[in-house]
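Working notes, structure below.
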Amino acid sequence: MTASVVLSRREWLLSDRPASRLQARLGRAYVAWRRFSANRLALVGMLIIVALLVVAAFADVLAPYSPTVGDLKNARLLPPGAAHWFGTDDLGRDIYSRVVYGARWTLYVVILVAIIAAPIGLLVGTIAGYAGGWTDTILMRITDIFLAFPKLVLALAFVAALGPGIENAVLAIAITSWPPYARIARAETLTVRNSDYIKAVQLMGASPFRIVLRHIMPLCISSLIIRVTLDMAGIILTAAGLGFLGLGAQPPLPEWGAMIASGRRFILDQWWVAAAPGAAILIVSLGFNLLGDGLRDALDPRSGDQ
Amino acid sequence: MSDTLLEVDDLRVTFPTRTGLVQAVRGVSFSLRRERLGIVGESGSGKSQTGRAIMGVTPPQAEVSAKKLAFDGMDLLSMSPRERRALRGSRIAMILQDPKYSLDPVMTIGRQIVETLRTHEKVSKAEARERALAMLQAVQIRDPARVFDLYPHEVSGGMGQRAMIAMMLVTGPELMIADEPTSALDVTVQLDVLKILDKLVAERGMGLIFISHDLRLVSSFCDRVVVMYAGKVVEQIKASELRDAQHPYTRGLLNCMPRIGFERHPLPVLDRKPEWAA
Amino acid sequence: MSVAENQAAAGRGSARAVAILSSLGRFLVIAVTTYLGLLAVTFFIGRVIPIDPVLAVLGDRAPTAVVERTRREMGLDLPWIEQFYLYVKAALRGDFGTSVLTTNPVMSDIRRVFPATIELATLGTIIGAVIGVPLGVLAAVKRGSLIDQVARIVGLIGYSVPIFWLGLLGLVLFYAKLQWIAFPARLDVVYEYTFTPITGFYLLDAAIQGQWDVFYDAWRHIVLPAALLGYLSLAYISRMIRSFMLNELAQEYIVAARAKGLSERRIIWGHALRNAAVPMVTVIALSYANLLEGSVLTETVFSWPGIGLYITNSLQNADMNAVLGGTIAIGSVFIAINLFSDLLYRLLDPRTKTG
């Protein structure tokens with residue numbers, strides 16, 4: 001009984017002749033999900049990111065100690081053990097608790113960078129692609145110039161001028177990471193610009209603004225999401241690098257890069273101070289990379305299914 | 001030496017995919033003497049994979065099996081890869097559809113011809129060049145020395161396909177598999193290329209398997225025709241007797257051919273019945 | 001050769017020359033605008049963002065007289081566009097101002113430290129290419145096999161690991177525990193005073209002078225940072241080569257090559273890789289540019305006295321001239337490599353010669 005219901009639901013999703021827009025959309029999503037979930041590594045990546053979200057959300061519950069106030073008298077530089085799973089740092093703070101709270105700052109950075117950089121890229125790319133001509137040439141020249149810069153070094157210089165701090169680090173990374181999004185959005189725009197349905201919308205008298213916003217931008221979203229996901233690892237690494245150089249998050253914020261920097265002084269004797277936050281960065285970056293790869297394979301029909 | 005050049009019995013080509021096994025070729029049988037055999041079918045009928053399976057150049061994931069697949073009395077499937085490779089390009093050759101893609105874009109035409117020759121015969125560089133030039137001449141390229149040093153993108157499609165024929169015939173093979181050799185060419189040069197192929201096949205007494213979707217072309221060019229549908233042979237018939245073909249699918253293909261002076265409305269639609277594929 | 005053939009050859013030659021010239025012209029235009037863009041951004045960073053650029057350059061402890069002089073020198077009383085003009089003029093002369101930290105002109109500092117970075121990045125790229133190319137090729141040829149999986153994991157970790165952290169762990173293991181390598185620096189202290197570099201690339205200099213003890217010492221210092229950068233480069237190169245090779249191996253000319261009876265080895269290395277060679281050169285060049293940038297963090301970890309360490313030291317001392325000078329230096333080389341690889345692409349691919 002239940003089996004037949006499940007089967008028919010599956011058939012409904014996979015139908016060649018969807019009866020409604022909703023059914024078609026759900027069917028497409030279902031097919032994409034099947035392709036995605038067949039990829040075990042992508043599932044691992046998703047699991048890591050879900051874990052990151054959970055840890056960030058429930059940091060207060062998961063962390064046994066305060067991330068900023070340590071026990072200077074009794075708990076300085078303790079090796080990993082039952083009381084302190086990842087050991088303690090030079091200020092007697094529990095490293096496990098700091099890593100847990102650090103998840104929040106990592107999320108803070110990647111989300112803010114994505115929110116700032118992706119729309120800039122989307123706007124620049126769709127306008128360049130739809131307008132064409134000189135607008136296109138100038139916008140793309142600027143994009144190319146930014147693409148030709150070394151990202152980390154430029155971010156360094158920006159933060160040097162803006163002053164150290166996690167907000168400025170976010171700003172600097174966002175400023176250096178929008179160009180690829182503009183490229184992608186432009187490429188997508190060019191493929192649909194001359195299509196018949198855009199012509200039809202034009203004939204109906206839609207303004208260029210409306211066409212770009214309602215009919216072109218939505219089509220760029222899926223490739224943009226893939227690219228942003230794939231870039232997340234790079235963003236995390238850059239933010240951590242800035243933190244490591246003392247330019248990103250400032251003490252006592254439990255940001256992973258800054259934690260490695262503070263552990264550097266004791267690295268030869270108390271290696272665990274730097275080890276745990278670095279491993280956290282590695283795992284989360286890996287998660288985003290795996291998820292991004294999986295999304296690309298599932299959503300991008302061009303990437304073949306052999 | 002037996003009269004039969006190639007014997008194919010119950011040839012099957014299977015591809016594993018995410019949704020299970022897909023049989024591209026499902027039990028094809030025919031035999032070939034030094035004659036011209038046409039294989040006709042729609043795209044997806046398995047005609048190309050049949051050619052590639054005989055050649056031994058199916059993709060690595062493909063599974064090829066047959067009750068018998070013998071070339072000149074030798075069992076192709078039980079051969080070592082090395083022995084099979086020694087046959088390819090020397091005794092069995094293949095022409096692909098589009099010279100734009102089937103010639104290596106970063107190697108000059110001359111070097112590609114010489115490469116075939118020197119893979120199979122111990123000849124000096126100078127002699128290989130000589131024979132490659134002669135071969136280019138044989139496919140009626142007027143200025144062989146010039147074309148020898150050109151890259152594939154520098155020549156036209158017709159010229160490229162002649163170079164391809166030269167590359168495959170330079171070793172003097174006995175069996176030629178031509179997989180849609182003219183479909184990618186301009187209509188005006190199709191005939192030229194076909195004439196060259198025709199002449200070389202006749203002169204050298206080769207066996208030819210001519211794979212095409214174009215029944216009229218095949219019927220005018222070949223001695224016998226094998227009609228394939230969904231991986232199976234539905235009919236084998238002499239080209240001269242094609243008008244009396246029995247199978248409805250072959251009749252359907254025949255009816256699709258436009259004839260001058262006849263009204264074409266409504267356009268005939270090819271009939272496909274699942275039981276033919278069963 | 002007949003006359004006609006000669007003419008044809010000459011005609012092709014000149015067409016090719018025109019194509020090369022026009023791509024050189026395009027190349028120059030792009031190089032100039034990109035470089036101007038770089039200067040505009042650094043100008044923006046140095047002059048527009050800070051509330052008081054003089055303070056940003058000198059720090060807040062400078063005497064008033066110096067502040068006033070610098071203000072005039074920087075032309076801060078002029079309109080921005082004129083300031084930018086002067087800035088570009090100075091930059092083209094190689095004048096990036098004076099470093100507060102070292103009291104030298106920034107340009108001479110950069111000249112001093114750059115060879116160390118180039119040496120490190122070059123060795124890293126060599127390691128990355130020598131291992132990455134065959135790894136990528138094998139992964140593509142034996143798709144789905146164990147080696148493909150290994151290459152994939154190695155690559156993914158390379159894309160995901162914070163290099164400075166891996167460097168620190170490497171120091172713990174290879175320096176502190178195993179004592180296989182030397183402490184973070186470029187040479188042992190003994191040699192710092194006795195060794196006279198010629199080119200600034202110590203490995204090369206030591207080899208030229210036949211000082212093999214110095215060579216060995218320099219090797220013990222460079223091997224870990226170079227291996228780390230090599231790993232980053234390997235991750236990138238092997239992944240790109242794999243996808244190029246998969247693309248090539250799916251082409252029809254590979255089927256044709258099989259039909260010709262060529263050996264798999266010849267098909268893979270002689271045809272597929274030859275076709276992938278053009279993008280491969282680009283990828284290796286880009287990887288080199290990335291390593292220049294990656295050296296900022298690596299040099300900090302390994303106290304490697306190159307441009308990266310110079311920039312970070314200057315950052316910590318709010319030495320804005322040095323930071324921007326260093327940024328422009330890395331940026332210039334980065335741009336040059338980018339454009340060079342683009343040009344190389346055009347020259348190497350026969351399809352773009354006449355097209």
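For the protein assembly as shown, what does -39500 (n - 2.57) per DSSP helix run (n ≥ 4), summed and divided by total residues, give at 222 nm, in deg cm²/dmol to the nearest 500? Present the calculation step by step, with values, prior to reporting the outcome.
Numbers: 39 runs with 578 residues, N = 939.
That calculation yields -20000 deg cm²/dmol at 222 nm.
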| task | Quick one: check the C-alpha center-to-center distance for the stretch A:26-103 versus the stretch C:239-255, whole angstrom. | result | 40
| field | Amide hydrogen neighbours beyond the local backbone of A:Thr88, cut-off 5 Å, H modeled | value | A:Leu77, A:Leu78, A:Ile95
| request: Output ³J(HN,Hα) for the stretch A:253-267: one whole-Hz value per residue in order, computed from phi by the Karplus curve 6.51 cos²θ - 1.76 cosθ + 1.60 with θ = phi - 60°, and x for Gly and Pro. | output: 4, x, 8, 4, x, 5, 5, 5, 4, 6, x, 4, 5, 10, 4
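Working from the alpha-carbon coordinates of chain A, get Rg over Rh, Rh being the Kirkwood radius.
Values: Rg = 23.4 Å, Rh = 21.9 Å.
Ratio of gyration radius to Kirkwood radius: 1.07.
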| request: Note the angle between two axes, namely the Cα long axis of helix A:40-57 and the longest principal axis of the Cα atoms of chain A, as a number of degrees from 0 to 90, rounded to the nearest 10. | output: 60
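Give me the net charge for the shell around A:Leu78: Cβ to Cβ below 10 angstrom, other residues only, Lys and Arg +1, Asp and Glu -1.
Working: positive: A:Arg76; negative: A:Asp71, A:Asp89, A:Asp94.
Result for the neighbourhood of A:Leu78: -2.
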| request: Report ³J(HN,Hα) in whole Hz for each residue of the stretch B:74-91, in order, from the Karplus equation J = 6.51 cos²θ - 1.76 cosθ + 1.60 where θ = phi - 60°; Gly and Pro get x. | output: 9, 7, 5, 6, 8, 6, 6, x, 5, 5, 4, 5, 5, 6, 5, x, 9, 10
| Between the stretch B:3-52 and the stretch C:315-355, what's the alpha-carbon centroid distance in Å? | 54
| query | Any number yet on Rg/Rh for the protein assembly as shown, C-alpha, Kirkwood? | reply | 1.03
| How far, in degrees from 0 to 90, does helix C:64-73 lean away from the longest principal axis of the Cα atoms of chain C, to the nearest 10? | 40
| task | Work through the residues other than A:Asp89 whose Cβ is under 15 Å from its Cβ and net out their charges, Lys, Arg +1 and Asp, Glu -1. | result | +1
| request: Determine the relative contact order of the stretch B:26-94: mean sequence separation of Cα pairs under 8 Å and six or more apart, normalised by residue count, in whole percent. | output: 24
| Degrees, to the nearest 10: C:307-316 long Cα axis against longest axis of chain C | 40
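Could you work out the relative contact order of the stretch A:91-177, using alpha carbon pairs under 8 angstrom and six or more residues apart, expressed as a whole percent? The partial results should precede the final answer.
On the way: 41 pairs, mean separation 27.7, N = 87.
Once normalised by length, the contact order is 32 percent.
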| remark: Residue by residue through the stretch C:119-128, the couplings from Karplus 6.51 cos²θ - 1.76 cosθ + 1.60 with θ = phi - 60°, in Hz, x for Gly and Pro, are 4, 5, 5, 5, 4, x, 5, 4, 4, x
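Using the structure shown, list the pairs from B:Lys68/B:Lys199; B:Lys47/B:Lys67; B:Lys195/B:Lys238 with a Cα-Cα distance above 24 Å, or answer none. Kindly include the intermediate steps, with their values, before the conclusion.
Values: B:Lys68/B:Lys199 31 Å; B:Lys47/B:Lys67 18 Å; B:Lys195/B:Lys238 21 Å.
From the list (B:Lys68/B:Lys199; B:Lys47/B:Lys67; B:Lys195/B:Lys238), the Cα-Cα distance tops 24 Å for B:Lys68/B:Lys199.
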| message | How much of the pair distance distribution for the stretch C:86-204 lies past 22 Å, counting alpha-carbon pairs only, in percent? | response | 61
| field | Under 5 Å, built H, 5+ apart or other chain: amide partners of B:Tyr229 | value | B:Val234
| Residues with amide H under 5 Å from that of B:Val25, placed H, sequence gap 5 or more | B:Val13
| field | Sequence-distant aspartates and glutamates (8 or more away, or on other chains) whose Cα lies within less than 17 Å of A:Lys199 | value | A:Glu188
| task | Using Cα pairs closer than 8 Å and at least 6 residues apart in sequence, work out the relative contact order for chain C, in percent. | result | 28
| task | Report the residue, chosen from B:Gln190, B:Gln97, B:Gln61, that carries the largest GNM mean-square fluctuation when chain B is represented by alpha-carbon nodes joined by springs under 10 Å. | result | B:Gln61
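If you take the Cα Rg of chain C and divide it by 2.2 N^0.38 Å, with N the number of residues, what do you get? Display every interim value, and only then the final one.
On the way: Rg = 24.7 Å, N = 355, 2.2 N^0.38 = 20.5 Å.
Normalised Cα radius of gyration, chain C: 1.20.
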| task | Take chain B, drop everything but the C-alpha atoms, weight them equally and run the Debye formula without solvent; then report log10 I(q)/I(0) at 0.13, 0.17 Å⁻¹ to two decimals. | result | -0.91, -1.42
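Would you mind working out the accessible area per residue for the protein assembly as shown, using a 1.4 Å probe, and quoting it in Å²?
Details: 43760 Å² over 939 residues.
On a per-residue basis, 47 Å².
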| query | From the Cα gyration tensor of the stretch B:13-130, with a ≥ b ≥ c the square roots of its eigenvalues, which class applies: rounded if a/c is under 1.5, or else prolate if a/b is larger than b/c, or else oblate? | reply | prolate
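The values are calculated or read from the model by the stated rules, or taken from the named source; none is laboratory data. Keep in mind it's a predicted model, so treat the numbers as computed, not measured. Quick reminder, even Gly has a Cβ in these numbers, built from the backbone with ideal geometry, and neighbours come from all protein chains shown. Side chains are part of the model used for accessible areas, which takes the heavy atoms of the whole protein and leaves out ligands, DNA and RNA. Shrake-Rupley method; radii C 1.70, N 1.55, O 1.52, S 1.80 Å.
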